[in-house]
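See below for the structure under consideration.
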Amino acid sequence: MSLLIKDESPEKLIGEDGKRLDGRDLNELRSIKMEVGVIPNADGSAYIEWGGNKIYAAVYGPREVHPRHDARPDRGILRTFYRMTTFSVSERKRPAPGRREKEISMVIKNAIEPVLFLELYPDSVVEVFIEVISADGGTRCACTAVAILALADAGIPMKGLITAVAAGKVDGKIIIDCSGDEDKSGEADLPCAISWYNNQIALLQFDGIMDLKEFDKSIDQILEALEKIRKLQEEALKKRYIDVRDHLKNYNPKVVTTNNIEEKIDSNNQKNQNGGDQT
Amino acid sequence: MEVEDIDEIDLNQMKDKEIVIPGEVLSEDLTNFTPGRGTTKQGNKIISLFVGLKVIRKNYINVIPLRGIYTPTEGDKVIGVIIDKNPVKWKLDINARNFGILKPSNTVARTQKFRKGRPERVYETTEKFSVGDVLIVKITQADRLHHPELTTQGKYLGKRHSGKLIEIPPPKIPRIIGRKGSMINLLKEMTNCNIFVTQNGRIWIQGDNFEKEMLLIDTIHKIETEAHTSGLTDRIKDFIINEKTIRGIN
Amino acid sequence: MSLSKILVSTERKYILKNLKQDKRIDGRDLFQYRDINIDANIVKAAEGSAKVQLGKTCVITGVKYELGPPFPDMPDKGVFTVMAELVPMSWGAFEGGPPGKQAIELARLIDRPIRSAKTIQNEMLCLIPNKLVYIIFIDVYLINYSGNLIDSGAISALTALVSSKIPTAKILDEEKVKVEWDGGYFNTKKLLKNLPISITFGKIDDVVFVDPNLTEELVMDGRITYAFDDDGNLVSLQKGGLATFSIDEVKSLARKAKELGDKMRKDLNLWQYQNLKNK
């Protein structure tokens, strides 16, 4: 099967002015937007927009384990499912989960599991479903960040958050947060996650070629970037509740009388038309 | 370390509690403070395990989670739904991580009826419960490792034949009840509905008409979204009064 | 939550009791549709994409193309397929793995009106008869399940198609099957002729209502789905579930569906999502 528009990677990824193709500095992050509580059916859920990445994560559980023989009598088990939609990449992905998806699922699971208090939930399973709607480089980092948000939103006890970002090497220079193009044609890719409760690395992979000096430099730069992302994660978790409070700050008790009943009814009708979906 | 709802801690204080997130340092002062529920000691710091509200009681620092699963506790009355049955037991979904087990021996002799002046025992037998039935049960045995054991013997317990079931996150149940039952009494009085609230996040309601039930459901969902704010009872009272006028309910 | 797998006996009684008095549990009228929210072009890598929210139901559809051989019985026509995935993220009772009966029925019900109404002018999608045609993939992913997947899936598939930017090609060598991108894209207003709108009714006992929400969908006896094209012709119909419909009912519901569909077509105005920037 062939496509008409070939995926062409640009020759130079860093311009004359020392900026990257999307206008970022070498250690600048793409824009990141996170939100929790986006999937009403799930026990916990989160959504992230990280540059061109758009990812949903949903947590179900702790609940009964199926099949039963997977259950452990002393602790709960964690299952992570990293999946990409068929249309998230430039060449259509086959719908069945591939080897890459299975590997990343496990890498994310191994990063997350140590921070959770799963021993409180023996004989049960916590399932994290991650669906990549749109992929643009660094999905495993974005997925780790969004999965931990969904778990925190679900109220699974944990020692702390996990934040991830990738460093890379293009045109001989170390960059932070590779985009899709930089990922494909760069010389190296170094995804890294840190769990904040002990400040240690929870996910680390490397792909490409780099000398040790560059490796040290990338790790240092990753740490800087991670601090920024962590702030965004913390804000996202609190925002769900703080928004309600802020909304109520302007609350002034207004009793409906015959004078203002009509305007109240109007606003109420509007509300009913907009909403109207309870279960 | 126990992770449970804290219903004895009163949420109705007038000041908004601080919202904390997992891993957030609550205190570094270990001499004056002890980690309470929803927290743990990490090195020389007390950290939170949940997204929740920070509550200091005496020298304990607690975090009340805002969402999470129900942990069965002995003596709790919960609403369960039968998901499976076999000749020796029913399995009930009680909104916890494992299903609860109801044995037929724990269901007999539920009520007494008087016929011709003589008391006559009415038994709830196996035939009476089928998959999908809503039961109010009491947890007689619960520990970390076993499936909770349930009973339908007791006041208010047994099968519900009508009414409506609502689910909200279990940690928000204390707000539906309110301090010493103030909120639930308000709801009952103002909407004239029967309400049965249980710790596993389920609420069973039945009113005399649909509009009142709708108003009650909307009110419960309003409490759910505003559970972490202060001055809730007054606001809910205003809300019901206003909505009654708007919807034309007496 | 965990209750989702089973039918709560009181729920059906409660819903039916109120339906008999023309009242629905979310406050709607029997023939009132929930609000529809459409977001087009959300995935960069996909040719076309759309997120549709119907109440709390959320569906994301992407359109991808490939070049390949046609079916032997239609040598001069392009091919399109619809796939639907009910991912476990969207509801506690959905399980992972290959699409089940429900997902396949959904995909076929989204496919059928598009095929019957000849929405896609598939003769335009032929490059070299017998050898090379466009293959269009319409992949529907469910993010949150709250009833009425057929209608929301159909709308998202149409929106994704309307918003798509499929490159056009010029033929270099017919014998050697060589084609090249000519720099342009299909104008979807020409590629698509007709946008059929599906309307689903649910039935409990003898009460019929439109657009069932999750609770209603779980307890209802059956459903019936009509689809009408722009000219008001019936293009698809499917009865689902165990309910039976009387002859009068089937006829009068068809008219009701046409009326609702016409109104929805006007309200949604799907052509506004055309990707005009790039023709």
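The values are calculated or read from the model by the stated rules, or taken from the named source; none is laboratory data. Please read these numbers as outputs of a predicted model, since none were measured by experiment. In this analysis, Cβ positions are derived from the backbone assuming ideal geometry, glycine residues included, and neighbour counts consider all displayed protein chains. SASA here: full protein model, heavy atoms, side chains in, ligands and nucleic acids out. Shrake-Rupley method; radii C 1.70, N 1.55, O 1.52, S 1.80 Å.
For the segment A:52-60, counting C-beta atoms of other chains within 10 Å of every residue's C-beta and taking the mean gives 4. Accessible surface of the stretch B:164-247, 1.4 Å probe: 46 percent of it comes from carbon and sulfur atoms. Please identify the helices of chain A, taking whole runs of DSSP H, that span at least 15 Å along their own axis as judged from the Cα atoms and have a mean Kyte-Doolittle score of 0.0 or higher. Result, helices passing both filters: A:139-153.
Legend: mean number of C-beta atoms from other chains within 10 angstrom of residue C-beta atoms, peptide A:147-157, equals 5.
The phi torsions of the stretch A:8-17, fed into the Karplus equation with coefficients 6.51, -1.76 and 1.60 and a -60° offset, translate into couplings of 9, 9, x, 5, 10, 9, 10, x, 4, 7 Hz, rounded to whole numbers, with Gly and Pro shown as x. Residues of the stretch B:229-250 that bury at least 20 Å² of accessible area when the other protein chains are present, relative to the chain alone (probe 1.4 Å, heavy atoms, ligands and nucleic acids excluded): B:Thr229, B:Arg235, B:Asp238, B:Asn242, B:Glu243, B:Thr245, B:Ile246. Site pair C:Glu105 and C:Lys263 shows an inter-label distance of 2.7 nm when each label is modelled 7 Å from Cα along Cα→Cβ. Overall, the accessible surface of the stretch A:97-212 at a probe of 1.4 angstrom is composed of carbon and sulfur to the extent of 50 percent. Structure remark: mean-square fluctuation, Gaussian network model of chain A, C-alpha springs under 10 Å; the largest value among A:Tyr47, A:Tyr82, A:Tyr251 belongs to A:Tyr251. Show me you know the interface measure: the accessible area buried between B and A, both chains summed, probe 1.4 Å, in Å² to the nearest 100. Approximately 3700 Å² gets buried when B meets A.
With both residues required to sit in the stretch A:32-274, DSSP beta bridges show an antiparallel share near 85%.
The alpha carbon centroids of the stretch C:201-222 and the stretch A:145-162 are separated by 37 Å. Using 15 Å as the cut-off for backbone N distance, which residues of the stretch C:148-167 belong to the label zone defined by a point 7 Å from the Cα of C:Gln272 along Cα→Cβ? Hits in the stretch C:148-167 for C:Gln272 at 15 Å: C:159, C:163. The distance separating the Cα centre of the stretch A:85-142 from that of the stretch B:18-50 comes to 30 Å.
Which whole-number value in Å² is the accessible area per residue of the stretch C:1-102, probe 1.4 Å?
With all protein chains present, the stretch C:1-102 gives 41 Å² per residue.
Under the shape rule built on the C-alpha gyration tensor, where the axes satisfy a ≥ b ≥ c, the protein assembly as shown is oblate, since a/c reaches at least 1.5 while a/b does not exceed b/c.
Please calculate how many Å² of accessible area the stretch B:164-247 carries per residue, with a 1.4 Å probe and no DNA, RNA or ligand atoms counted.
32
Scalar couplings 3J(HN,Hα) for the stretch B:227-238, obtained by applying the Karplus form with A = 6.51, B = -1.76, C = 1.60 to θ = phi - 60°, are 4, 9, 10, 9, x, 5, 4, 5, 5, 5, 4, 4 Hz; x denotes Gly and Pro. Summed over both chains, the accessible area lost when C and B associate is about 1600 Å², using a 1.4 Å probe. For the pair the stretch C:42-109 / the stretch C:127-189, the C-alpha centres are spaced 12 Å from each other. Could you tell me which of rounded, prolate or oblate describes chain B, using a ≥ b ≥ c as the square roots of the eigenvalues of the alpha-carbon gyration tensor, with rounded for a/c under 1.5 and, failing that, prolate when a/b is larger than b/c and oblate otherwise? Note, shape of chain B comes out oblate.
Summing charges over neighbours of A:Ala164, with a neighbour being any other residue whose Cβ is under 11 Å away from its Cβ, gives +1 when K and R count +1 and D and E count -1.
Rolling a 1.4 Å probe over the protein heavy atoms of chain C, with every protein chain left in place, gives an accessible area that is 51 percent carbon and sulfur.
Heavy-atom accessible surface of the stretch A:32-274, averaged per residue, reaches 43 Å², computed with a 1.4 Å probe. Determine the total buried accessible area between chain A and chain C, counting protein heavy atoms only with a 1.4 Å probe; round to the nearest 100 Å². Interface area, both chains combined: 3800 Å², rounded to the nearest 100. GNM on chain B, alpha-carbon springs under 10 angstrom: the most fluctuating residue among B:His147, B:His228, B:His161 is B:His161.
Taking other residues whose beta carbon is less than 13 angstrom from the beta carbon of A:Leu204, and scoring Lys, Arg as +1 and Asp, Glu as -1, yields -1.
Local charge for A:Tyr241 was computed over the other residues whose Cβ lies under 14 Å away, with Lys and Arg +1 and Asp and Glu -1, and equals -1. Contact residues in the stretch B:156-172 by the 30 Å² criterion (accessible area, 1.4 Å probe, full protein complex versus chain alone): B:His161, B:Gly163, B:Lys164, B:Leu165, B:Glu167. Note on C:Trp181: accessible area approximately 80 square angstrom, rounded to 10, probe 1.4 Å, nucleic acids and ligands left out. Entry note, chain B: the mean residue ellipticity at 222 nm calculated from DSSP H runs of n ≥ 4, each adding -39500 (n - 2.57), is -6000 deg cm²/dmol after division by the residues and rounding to the nearest 500. Simple spin-label estimate for C:Ser246 and C:Gln21 gives 2.4 nm between the two label positions (7 Å along the Cα-to-Cβ direction from each Cα). Residue ranges B:26-36, A:71-81, C:132-142, B:166-176 sort as C:132-142, B:166-176, A:71-81, B:26-36 when ordered by packing (mean number of other C-beta atoms within 10 Å per residue, highest first).
FRET efficiency for the B:Asp234 to C:Leu172 pair, using the beta carbon distance and R₀ = 60 Å, is estimated at 0.20. Between A:Leu212 and C:Leu234, the simple spin-label model (points 7 angstrom out along Cα→Cβ) gives 7.8 nm. When the other protein chains are added to the chain by itself, burial of at least 30 square angstrom of heavy-atom accessible area (probe 1.4 Å, ligands and nucleic acids ignored) affects these residues of the stretch B:20-69: B:Ile21, B:Pro22, B:Gln42, B:Leu49, B:Phe50, B:Val51, B:Arg67, B:Ile69. The sum of -39500 (n - 2.57) across all DSSP H runs of n ≥ 4, divided by the residue count of chain C, sets its helix-only mean residue ellipticity at 222 nm to -8000 deg cm²/dmol.
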